[in-house]
Amino acid sequence: MTGRILIVDDVATNRIVMKVKLTAAKYDVIPAASGQEALTLAQAGNIDIIIMDMMMPGLTGAQTCERLRADPVTASIPVILVTASDDSEARMEGLSAGADDFLAKPVDEIALLARVRSLLRTRDEERTYEEQGSALMGMEMGFGEAGQQPLSPRQQPVDGQIALIAGGDAAWLLRQRDRLRPLFREKVSIIGRDLALALDRSTTPDLFLIEADLGTKNAGLRLLSELKSRNATRHAAFIVILPAGDSERAATALDLGASDVAYQPFPVDEIAMRIRTQLARKTRADRMRDTLETGLRLAVIDPLTGLHNRRYGLHHLDRVATRCRAQGIRAGVILMDLDHFKSVNDTHGHLVGDEVLSKAAQVLKENVRGEDLICRIGGEEFLAVLPDSGLSEVRIVAERLRRAVENLEIRLGNGSLLNVTMSLGVAMLEDREDAPTHALAIVDRALYAAKDAGRNRVELAAQV
């Protein structure tokens, strides 16, 4: 995994030592000697992670981190603070400034590289959402409209449901729950391994706090791996609780997908800060995923009718044709066009025309199977693709669709009723290389034959 890492330390020797460790792991390392230089380099872009000394002249590591978090350009860059001091006050200052982790000197190389790998994965995922979402939506994602700028945990109250999973020490679990509950507005609960594995998307908490050993060695790590592999729980945040100094298993936990690790005994204020940091990251990731999913829907759905659009319909037709040739099965195509639709718009206005299209689309969708596709391919024209169907079956469906539209009644503002009809052409996908384009060509001729024969009828295509 490649990555561009900014090393910030006022002592040249420290920068060199850190650079040697990271370049040996094939990372691209950029040095900086002060907090101000770090801000300038970060704002210039292309920085994946910042590893920064806590105690520096001028801007301290915590102060620099606060300024990074306050700038939308740099707000999402992961920050690891490093210090010679391991007192809880220094840790809280760094974490409350928005740092993702806090490492004590001398830095454990295993823990450092595991944390870098973990943060790079998160950074890559966010960039993927931003790039794909921007391409689909034609807008900037990240911290504008798609999700607000992430503030530091000290500035931003973060809500979220938290689940504690630990071994057999019930008294310890109850103490942790009671310590955390006053610090969060949402529910802090205790659940067991079996319940965690049975969760669905509606019941999954936002964050799991998991003890590494659930009665047996590494049982918590195995549970973490299981939960990360399941659709219902994979997007939750995970913090693994480890014995003090267990950096090797901390690296394993991060590589398995943990968002963070904490060591016992942990001060409640520190674990609460780590929880808030991970909840804030999850909230941002959820917003990015939602924006991307919205973009994907908009790319393939017709906004007026709610049906799939032309782009998706033609792509689906290609896929069905490929499957038919591979498996030796049949599929039918129905091309439909509302009769005299221009006169509806000219006589009653475009709002009524939109209502006609919307209601016609609804009855069309209601009168096909779940595996069939109805899409709007333009104007008042619709396409149906019916896999695993013979010609007689496709014709029966076409007649059913024609009657459904004929029986549709649209009540106008003056109380009168408007009725519309539809002409339809029917064709079958043939066993040939150009099956989709050939089917569309002959079904189009069949549709126009239906129009020429008086409309409100079904015509079969001549297979040529």
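The values are calculated or read from the model by the stated rules, or taken from the named source; none is laboratory data. This one's a predicted model, so the numbers in the text were calculated from it and none came from an experiment. Here Cβ is always computed from backbone atoms with ideal geometry, including for glycine, and neighbour counts include all displayed protein chains.
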Which one is modelled with the lowest pLDDT, of the residues in the stretch 278-298 that are over 8 Å from the mean Cα position of the chain (by Cα) and among the small types (Gly, Ala, Ser)? GLY295
Considering each of MET92, MET18 in turn, give the residue that is more than 27 Å from ARG276 (Cα to Cα) and surrounded by 17 or more Cβ atoms within 10 Å (Cβ to Cβ). MET18
Does LEU119 fit the bill of being in contact with a strand residue (DSSP E or B) (Cβ under 6 Å, 6 or more places away or on another chain) and either over 26 Å from ASP28 (Cβ atoms) or in a helix (DSSP H, G or I) (or both)? yes
Within the group GLY353, GLY349, which residue is loosely packed, with under 15 Cβ neighbours inside 10 Å and modelled with pLDDT under 95? GLY349
Restricting attention to the stretch 311-320, and to residues there that are touching a helix residue (DSSP H, G or I) at 6+ places or on another chain (Cβ under 7 Å) and surrounded by fewer than 16 Cβ atoms within 10 Å (Cβ to Cβ), which single residue is modelled with the highest pLDDT? ASP318
Of everything in the stretch 426-445, what is β-branched (Val, Ile, Thr) and farther than 16 Å from ILE334 by Cβ? Give them in sequence order. THR437
Filter result (at pLDDT below 75, exposed (fewer than 12 other Cβ atoms within 10 Å of the Cβ) and farther than 18 Å from ALA237 by Cα) within the stretch 179-217: PRO182
Just for the stretch 321-335: of the residues that are out of contact with any helix residue (DSSP H, G or I) (no Cβ under 8 Å at 6 or more places or on another chain) and either in a loop (DSSP other than H, G, I, E, B) or of a type in the set (Val, Ile, Thr) (or both), which one is surrounded by the most Cβ atoms within 10 Å (Cβ to Cβ)? THR322
